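The values are calculated or read from the model by the stated rules, or taken from the named source; none is laboratory data. Please read all numbers here as calculations on a predicted model, not as lab measurements. Positions of Cβ are backbone-derived with ideal geometry, glycine not excepted, and every protein chain shown enters the neighbour counts. Side chains are part of the model used for accessible areas, which takes the heavy atoms of the whole protein and leaves out ligands, DNA and RNA. Shrake-Rupley method; radii C 1.70, N 1.55, O 1.52, S 1.80 Å.
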Amino acid sequence: MTETALSSRDNPVFKRLKKLAESARARREARMTLLDGEHLLTAYLDAGGAPHTLVRAASFDPGRFAALAARCPRAKAIVLPDALFAELAPVATPTGVLAEAAWLAPTARDATPFVIVLEDIQDPGNLGAMLRTGAAAGATLAVLSKGCHDPWSPKALRGGQGAQFVLPLQTGTDPVAWLGGFAGQSIALALGGDCDFYALDLAGPLAIVAGNEGAGLSDAVCSAATRRAHIPMAGRIESLNASAALAVAVFEAVRQRRR
C-alpha cells in the first residue's frame, strides 16, 4: 500500500473531501459521500461497496489502516495531519479513518412490501436511527419526503450504521402521492389516531408512516394513509421520540408477521 501525505487545505483532494463533508448538494451531484470510522467502512465493504479514497489521520495506527486498505486495493490512500483530518470528521472526537465512497443502490427484496415512510425528519441522527430500525426489521423500502435530511450525510450515515447500504431508499418523494399509489395498508402514527396500533392486523403489504420530530405528520399525509393510529402509553408522558415510535411500530409488525 502506497500512501500520499497531504498537508495543505488548498490541495484539490482535500477541497473535494471537504465539500462532501459539508454540502448535500455536492454529495447529490457526485453521488458520493464520506464514511466515518472503521465500522461504517467495514459495513460498506461487506455490502459490496468499493471506496474511491481512504483517509487516515497521522496518529491512526498504520497497521489497522493497512488491513482496511487491503480489502479495497484500488482505493487511493491518503494521510492527513490530525488538525486537517478533524476538519473533515463529523464528530468532535475523530475516529481517525474516513473513506470517500459512492452511494450504493440496494436491490429491493422479492418479498411482501414492508415500507417505512418518513415525512420531514430533519435531525440526521434521528433519520439514521430510523433507517437502521427499518433495515433491522427487514423493511423492503424506505420512502423519504423532500423535507427529510440528506440520508447520505456523514452524521446520518453514523446514525444508520450501514442501513443505507442494505435498505433501498426512495428520496425527494411526495408522501401524499406515494401513499395514493400504494396498494397495501398504510398506517400513519399520530397522537390523535382513532385506533390502537396494537389492535391492527399488520400482515400483508404494509407502510408505516412517521413524521417530523416536533410537528409530527401533516394533515395531508395522515389523510392519505388508510389508517391513523396511536401507540398506547401507560406512563404520564405526552409522546415518544419519532425514532422510538417508529421502532415500536415496526417491531410490532415484525412480531405479527412472524406468525
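Laid out as a table, the results:
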| item | result |
| --- | --- |
| Among 13-22, 127-136, 141-150, 195-204, the order from most to least packed when residues are scored by Cβ within 10 Å on average | 127-136, 141-150, 13-22, 195-204 |
| Translational diffusion of segment 31-88, µm² s⁻¹ [Kirkwood Rh, Cα pairs; Stokes-Einstein; 10 °C; 1.306 mPa s] | 134 µm²/s |
| Accessible area of Ile237 in the full protein assembly, 1.4 Å probe (Å², nearest 10) | 120 Å² |
| Relative contact order [Cα under 8 Å, 6+ residues apart], the chain, whole percent | 18 percent |
| Residue-count net charge about Thr171 - beta-carbon cut-off 10 Å; Lys, Arg +1, Asp, Glu -1 | +1 |
| Antiparallel content of DSSP bridges confined to segment 134-244, in %, to 5 | 10 percent |
| DSSP-defined antiparallel bridges as percent of all bridges, the chain, nearest 5 | 25 percent |
| Gain upon complete extension [Arg255, Leu240; 0.36 nm per residue less C-alpha separation] | 3.4 nm |
| Inter-label distance for Glu3 and Lys76, nm, one decimal - labels placed 7 Å from Cα along Cα-to-Cβ | 1.7 nm |
| Peptide ranges 116-123, 38-45, 102-109 listed from the most packed, as the mean C-beta count within 10 angstrom indicates | 116-123, 38-45, 102-109 |
| Estimated distance in nm for a label pair at Thr226 and Tyr198, the labels positioned 7 Å out from Cα along Cα-to-Cβ | 2.3 nm |
| Antiparallel bridge percentage (DSSP; both residues within segment 17-147; nearest 5) | 50 percent |
| Rounded to 10°, Cα long-axis angle of helix 12-22 versus longest principal axis of the chain | 20 degrees |
| Fluctuation leader among Asn212, Asn241, Asn11 - the chain, Gaussian network, Cα springs under 10 angstrom | Asn11 |
| √(5λ) per eigenvalue of the Cα gyration tensor, segment 174-240, largest first, Å | 21, 15, 8 |
| At R0 = 30 Å, FRET efficiency that the Cβ-Cβ distance of Lys19 and Asp174 yields, to 0.05 | 0.60 |
| Ranked order, Arg255, Arg56 - accessible area, probe 1.4 Å, largest first | Arg255, Arg56 |
| Values of log10 I(q)/I(0), in the order q = 0.09, 0.13, 0.17 Å⁻¹, for segment 32-189 under a Debye, Cα-only, solvent-free model | -0.33, -0.63, -0.95 |
| Cα-derived Rg over Rh, computed across segment 105-259 with Rh taken as Kirkwood radius | 0.93 |
| Nearest-ten-degree value, helix 124-137 long axis tilted from longest Cα axis of the chain | 70 degrees |
